[in-house]
Amino acid sequence: MMSFSVALIGAVIGAGAVPTAPRGFQAAEALRSAGVVLIEDVPLKDFEVVAQETWQAAGYPGLHVGDYNSMGSVTRPLVSENVYDVAAGAPKQLPVSPHSEQAYLFNVPRFAAFMCIKAAEKGGELQLFDNVQLGRRLGKLMEKFSRLGITYYRVMGDKLRSANWSYPTGMWQDRFQTDDWLLAKKKASENLAYGGAELREYEQGLVVMNWTVPAVTFVNSSTEVSRAVLQSILDNHRSRNYAAAADSSAATAALHSTWGDGSELVQEELQRLQEATTQSLEVEVLLRSGQVIVIDNWRFAHGRLPYEGARNHAALISDRFPRAEPPKFSVSEL
């Protein structure tokens, strides 16, 4: 039971709603207790400070804002040094499949925050999904996630051989900041945030990078440590070929995900994952201008419904932590 008063905002799904609290102690306590908090009337210039001070006061005093583009699947336009525009990747007419921010990495941001600068004319609701409930609803498939993990794939262009590649995964030369192929392969293999990745030549003059990470991590509550499915599988699966949806000339899927042994998730497994994810939906909320939502990125996945008209939302992430083992923190958290 929270010892302070917070309002609940958004459409209630099951028992879920987003607590809203004023900036400062109450926002931090809401984040600690519920894993999510909405803060009203935040100027864009204060977004980074408000998000960081909230998770720091919630029990992570040394945790700073992280750099998205250094490890992101796509290169996102920046609003400021560490604040990025969320629009890159999925076209507005498609929903964004549920995922925890950068959950395709071995080192995953502990928190994420989103700010509405301008709401869409219609739609664009933010959705939150409970990763612990997802794990519980997967049944026997949860054990396969735990045993095999997930392999993620990123297709990138080559400035010389596929210069017309336009999807925001970009060019491998820009990703690794070198034109030396062997050096780029070395950088990929030694990158601890991926847990080590393989970079290789692909079809049509493109290149592909792949790496394998655990799909299951652990999240603390005040009474127990729970297993959670920390993943970006649906958002990365080639059946959601965002590259083709964004550019009708792009037949090649820019993103893909398989089981950790390289085998494909069969249709029945994808359907079960989709059903369990849908059942873990906690809340949908349409943010208004000036509203900021800070989430526990390990506890909650997020998605976005299709929208019409211009929509301007910004986001940021915290620094990253390794997963796969129970986090060793001395704070009470979700």
Being aliphatic (A, V, I, L, M) and open to solvent by less than 20 Å² (accessible area, probe 1.4 Å) is the filter here, so list the residues in segment 89-119 that pass it.
Ala90, Ala103, Leu105, Val108, Ala112, Ala113, Met115
Can you pull out the residues in segment 110-148 that are touching a helix residue (DSSP H, G or I) at 6+ places or on another chain (Cβ under 8 Å) and among the aliphatic types (A, V, I, L, M)?
Ala113, Met115, Ile117, Leu134, Leu138, Leu141, Met142
The residue that is most open to solvent (accessible area, probe 1.4 Å), considering only those in segment 1-24 that are at pLDDT 90 or above and in a strand (DSSP E or B), is Thr20
Need pairs with beta-carbon distance below 8 Å; first residue open to solvent by 60 Å² or more (accessible area, probe 1.4 Å) and within segment 31-47, second part of a strand (DSSP E or B) and of a type in the set (A, V, I, L, M, F, W, C); sequence gap 6+ or separate chains.
Leu44/Met115; Leu44/Ile117; Leu44/Ala314
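With the requirement that a residue be more than 15 Å from Asn69 (Cα to Cα), part of a loop (DSSP other than H, G, I, E, B) and among the β-branched types (Val, Ile, Thr), what does segment 149-183 give you? Step through it out loud before you land on a result.
Taking segment 149-183 first, the residues more than 15 Å from Asn69 (Cα to Cα) are 149-153, 155, 157-166, 178-183.
So of that shortlist, the ones also part of a loop (DSSP other than H, G, I, E, B) come out as 149, 158-166, 178-180.
The answer is Thr178, and nothing else.
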Quick one: would you say Gln177 is touching a residue at least 24 places away in the same chain (Cβ under 8 Å) and open to solvent by 40 Å² or more (accessible area, probe 1.4 Å)?
no
Within segment 204-214, is there a residue that is closer than 16 Å to Asp158 by Cβ and of a type in the set (Gly, Ala, Ser)?
yes
For segment 137-164, how many residues meet the condition of being open to solvent by less than 80 Å² (accessible area, probe 1.4 Å) and either in contact with a Lys or Arg (Cβ under 9 Å, 6 or more places away or on another chain) or among the acidic types (Asp, Glu) (or both)?
9
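The values are calculated or read from the model by the stated rules, or taken from the named source; none is laboratory data. Keep in mind the model is a prediction, meaning the values are calculated, not measured. As a convention, Cβ positions derive from the backbone with ideal geometry for all residues, glycine included, and neighbour counts pool all protein chains shown. We work out accessible area using only protein heavy atoms, side chains counted, and drop any ligands, DNA or RNA first. Shrake-Rupley method; radii C 1.70, N 1.55, O 1.52, S 1.80 Å.
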